[in-house]
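A short worksheet on the structure shown next.
The values are calculated or read from the model by the stated rules, or taken from the named source; none is laboratory data. Just so it is clear, the model here is predicted, and its values are computed rather than measured. Positions of Cβ are generated from backbone atoms using ideal geometry, with glycine treated the same way; all protein chains shown enter the neighbour counts.
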Amino acid sequence: MSFFGQLQDELTGFRKDGVYKRLNYLDSPQDRRVKMEGRGEVVILSSNNYLGLCSVPEVVQAGKAALDHWGAGTASVRFICGTFTVHRELEHALATFVGCESSLTYVSCWNANEGLCATVLGESDWVISDQLNHASIIDSIRLAKAITKCQTAVYRHSDMADLEEKLRAAGNARRKLIFTDGVFSMEGDIAKLPDLVALARKYDAVLAVDDSHATGVLGKSGRGTAEHYGMLGEVDIITSTLGKALGGSAGGFTAGALALTDYLTQRSRPQLFSNALPRQSPPARSPPCATSTPIPSLSAGCIRTPATSTSSSSHSASSHCRARRPSCR
């Protein structure tokens, strides 16, 4: 049987097993209600447009203005001629927003995760992953294991005793990296960040948190899992996305110490050999909160949005689809 014939047989199996994915085509902006081809107006309860910024006029207008100023794209990787001044502004704003010294943007958080483990880990190093981590973290670790021959371990979901056992097993490894989601999107629960930070300090490990489903949603001003627990500045590495709460467009980033982002700039292959991120929302700059129509944007301490609401703080984020709209304080 030919290669394509084999694929077709497997696709038939997907349909038989009920796991075949059909694309739904929208003919309108992403919003609470959309126009879906073949179905008409549909209420959307499944997107990651947590703050509703995808279709906010100010965000759309900022994108149009960026096209006029910077053009359609960079047509280059960062280190050759693909770094615009707005990249620097955005990375500074993102770092400040999540409580880190520095940040580096990627074309997606998948790329940010993929570019982390294989870059900073070597053969004698360990990476220890939560059992229910996102596929991008899992693939990042698989890639690192194949490339660098690093040691890997998985601890039971949010089981700190099991994690501590794995850390003990890693012994005096040169580097020990704990990698976890901030909010586990399929389960709706939040990582036990205080316990994770304590164990990382106890065993001289580095803690990395993928905060994609928490950025813009958790914390009094939407700064994520660290703010939710009152621990801004205490997480070693934060990766996150611009493709969910922060406008729903594209892009991701890794934040941490300047030494980390500088090292990733030198060695992280998904960043080195991909076109730089096109200019997109959220704007790195914004008017004061007191303005009558604030542009949704990042600032040192909040997400500025046209509307605000409140929600209770708990150790479960299962209601993250009903996300708050954080306001400045």
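Below are the figures for this structure:
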read-out: The lone exception for I138 - which of (1) touching a residue at least 12 places away in the same chain (Cβ under 8 Å); (2) surrounded by 14 or more Cβ atoms within 10 Å (Cβ to Cβ); (3) out of contact with any strand residue (DSSP E or B) (no Cβ under 6 Å at 6 or more places or on another chain) it fails; value: (1)
read-out: The one condition in (1) in contact with a His (Cβ under 9 Å, 6 or more places away or on another chain); (2) within 30 Å of A93 (Cα to Cα) that A144 fails to fulfil; value: (1)
read-out: Matching entry among V183, V107, V154 (being surrounded by fewer than 22 Cβ atoms within 10 Å (Cβ to Cβ), within 27 Å of G243 (Cβ to Cβ), of a type in the set (V, I, T) and within 16 Å of the chain's Cα centre (by Cα)); value: V107
read-out: Strands (runs of 3 or more DSSP E) lying entirely in the range 1-106 (those with 3 or more residues that are closer than 27 Å to V209 by Cα); value: 102-106
read-out: Matching residues, the range 37-57, being crowded, with 19+ Cβ neighbours inside 10 Å and farther than 18 Å from T241 by Cα; value: V56
read-out: Qualifying residue in the range 32-39 (condition: hydrophobic (A, V, I, L, M, F, W, C), within 24 Å of M186 (Cα to Cα) and not assigned by TED's automatic domain parsing to the domain that holds T241); value: yes
read-out: Qualifying strands (runs of 3 or more DSSP E) (wholly inside the range 148-219; at least 3 residues being of a type outside the set (D, E) and under 26 Å from G251 (Cβ atoms)); value: 176-181, 206-210
read-out: Subset tally (residues that are touching a helix residue (DSSP H, G or I) at 6+ places or on another chain (Cβ under 6 Å) and aromatic (F, W, Y)) for the range 10-53; value: 1
read-out: Cross-chain or 6+ apart pairs with Cβ under 8 Å, the range 1-21 first and surrounded by 11 or more Cβ atoms within 10 Å (Cβ to Cβ), then assigned to a helix (DSSP H, G or I); value: Y20/L11; Y20/F14
read-out: Residues that are surrounded by fewer than 15 Cβ atoms within 10 Å (Cβ to Cβ) and in contact (Cβ under 8 Å) with a residue 24 or more places away in the chain, drawn from the range 161-180; value: R168, R174
read-out: Any chance E114 is of a type in the set (D, E), surrounded by 24 or more Cβ atoms within 10 Å (Cβ to Cβ), assigned by TED's automatic domain parsing to the domain that holds T261 and touching a helix residue (DSSP H, G or I) at 6+ places or on another chain (Cβ under 6 Å); value: yes
read-out: Selection status of T225, assigned by TED's automatic domain parsing to the domain that holds Q61, in contact with a Leu (Cβ under 8 Å, 6 or more places away or on another chain), among the β-branched types (V, I, T) and at pLDDT 95 or above; value: yes
read-out: Yes/no for I80 being among the β-branched types (V, I, T), surrounded by 10 or more Cβ atoms within 10 Å (Cβ to Cβ) and within 30 Å of F273 (Cβ to Cβ); value: yes
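Each row is one residue, and each column tells you yes or no for (1) touching a His at 6+ places or on another chain (Cβ under 8 Å); (2) surrounded by fewer than 24 Cβ atoms within 10 Å (Cβ to Cβ).
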{"residue": "A191", "(1), (2)": "no, no"}
{"residue": "P194", "(1), (2)": "no, yes"}
{"residue": "L199", "(1), (2)": "no, yes"}
{"residue": "K202", "(1), (2)": "no, yes"}
{"residue": "V206", "(1), (2)": "no, yes"}
{"residue": "V217", "(1), (2)": "yes, no"}
{"residue": "R223", "(1), (2)": "no, no"}
{"residue": "H228", "(1), (2)": "no, no"}
